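Below you'll find the structure, written out as structure tokens, and then a few comments.
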Amino acid sequence: MNLDYEKTLEAEIDRELKTLPEISAPGTLISRVMARIELRAALPWFRRAWDTWPGPLQGVFLVAMLALFGGLCFGGWEASHTATFGLAVHKIGGWFSGFGALYSALNALAGAIFAMIKQINSAILIGFLFAAGLGYAIFLGLGTMYVRLAFAKR
Amino acid sequence: MREQFETFMRNYQNMVYSTALRLVANSAEAEDIAQEVFLKAYERFADLKDSPTAGGWLRTVARNMSLNHLSRYRLRWSFFSELTSSSQDEDAPEIQFAAPQELDEELARADRKELVEQALQKLPPTQRIPLVLYHLEGLKYEEIAAKLNVSLGKVKTDIFRAREVLRKKLGARLGEEMGSESLKR
């Protein structure tokens with residue numbers, strides 16, 4: 001591309017665009033904004049954003065939240081040292097013991113499948129993998145073709 | 001305070017609306033964006049009302065909101081534009097160029113600025129947005145590429161194509177004003 005041409009074009013377009021006047025905003029814009037402001041102002045303080053709450057309420061809320069957080073931490077720490085907590089942990093652990101049995105069963109099944117594969121002739125295995133890959137490629141191709149046909153511009 | 005804010009809006013509403021409209025090319029969407037910009041400004045009005053940089057702040061917010069709007073509503077804009085840049089730009093409905101004589105008449109009739117504005121609005125988004133960001137918003141190529149999440153090369157190409165379309169639309173007039181044939185290819 002001709003560099004001089006590009007520079008001249010850039011300068012000319014720049015001049016054209018920079019001299020464009022501002023476009024007049026619709027006459028309804030100010031009234032729309034003011035209506036939204038009125039609507040927000042009419043909302044009770046607790047339904048507005050926290051940073052628009054009255055100052056004292058912000059302070060009270062902050063202190064209350066900190067106290068709640070501190071209380072929860074302290075309560076949790078205290079509870080963890082009681083005998084009831086140990087019993088509860090043991091009980092909850094029991095609920096999930098079924099998952100352990102399921103994991104063991106799946107592990108045994110996977111081991112059996114692996115042992116079976118090891119017994120199969122490698123040529124058969126390669127043939128099976130090739131067939132699976134081919135099938136996947138065919139489905140992928142057919143899917144792509146379908147999508148292209150379905151979304152083709154008419 | 002409400003009256004002060006109304007005055008503030010009157011001073012800046014055209015600038016905010018123009019910024020949004022030139023980016024989104026849709027008057028209803030531009031009005032919605034301008035409304036959100038001023039609602040944001042109202043929350044910070046205590047800082048903005050006497051600030052000499054209020055205009056710059058509003059412009060930046062309007063630009064960012066417009067770009068957010070474009071990326072939200074034109075899903076994965078960059079991905080889409082990368083996919084379609086080579087084909088769609090060629091397939092995109094070209095601005096109908098009148099014959100030279102008709103063009104002269106058209107230019108004579110229509111307000112020149114209006115013509116530039118219309119040509120700008122008719123550009124495909126992949127060309128209009130980087131062009132506006134470069135020439136009207138004063139962003140560098142690298143900044144535009146980062147904002148739109150596209151490659152630097154694509155930004156340069158899109159802006160060049162956009163200038164070419166505008167040149168073709170306004171070509172005869174530009175050539176005359178330049179007093180040379182340098183812009184006529």
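The values are calculated or read from the model by the stated rules, or taken from the named source; none is laboratory data. Remember, predicted model here, so these are calculated numbers, not experimental data. Because the Cβ atoms are built from the backbone with ideal geometry, glycine has one as well, and the counts that use them run over all protein chains shown.
For the stretch B:8-27, a residue qualifies if it is part of a helix (DSSP H, G or I), free of Cβ contacts under 8 Å to residues at least 24 places away in the same chain and either at positive phi or more than 9 Å from every other protein chain (Cβ to nearest Cβ) (or both), and exactly one does: B:11.
Among the residues of the stretch B:49-59, just one is outside any helix (DSSP H, G or I) and among the basic types (Lys, Arg), namely B:49.
Note on the stretch B:149-164: residues that are at pLDDT below 90 and either among the charged types (D, E, K, R) or part of a helix (DSSP H, G or I) (or both) amount to 0. Of the residues making up the stretch B:28-48, not a single one is part of a loop (DSSP other than H, G, I, E, B), among the aliphatic types (A, V, I, L, M), in contact with a Leu (Cβ under 9 Å, 6 or more places away or on another chain) and surrounded by fewer than 22 Cβ atoms within 10 Å (Cβ to Cβ). The condition of being part of a helix (DSSP H, G or I), exposed (fewer than 10 other Cβ atoms within 10 Å of the Cβ) and of a type outside the set (S, T, N, Q) holds for only one of A:132, A:115, that being A:115.
Of all residues in the stretch A:75-114 being among the aromatic types (Phe, Trp, Tyr) and over 33 Å from the mean Cα position of the chain (by Cα), which is nearest to residue A:125 (Cα to Cα)? That would be A:114.
Quick grid of which residues meet (1) at pLDDT below 60; (2) of a type in the set (Val, Ile, Thr); (3) exposed (fewer than 13 other Cβ atoms within 10 Å of the Cβ):
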position: B:92; (1), (2), (3): yes, no, no
position: B:147; (1), (2), (3): no, no, no
position: B:171; (1), (2), (3): no, no, no
position: B:179; (1), (2), (3): yes, no, yes
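Do the conditions hold for residue A:110, that is, is it assigned to a helix (DSSP H, G or I) and closer than 30 Å to residue B:30 by Cα? So residue A:110 does not fit the description; no. Residues considered: A:31, A:24. Of these, the only one that is closer than 23 Å to residue B:3 by Cα, more than 8 Å from every other protein chain (Cβ to nearest Cβ) and modelled with pLDDT of 90 or more is A:31. Only residues that are touching a helix residue (DSSP H, G or I) at 6+ places or on another chain (Cβ under 6 Å) and of a type in the set (Asp, Glu) were counted across the stretch A:1-44, and they come to 4.
When A:19, A:8 are checked against the criterion of being farther than 30 Å from residue B:38 by Cα and within 8 Å of another protein chain (Cβ to nearest Cβ), a single residue qualifies: A:8.
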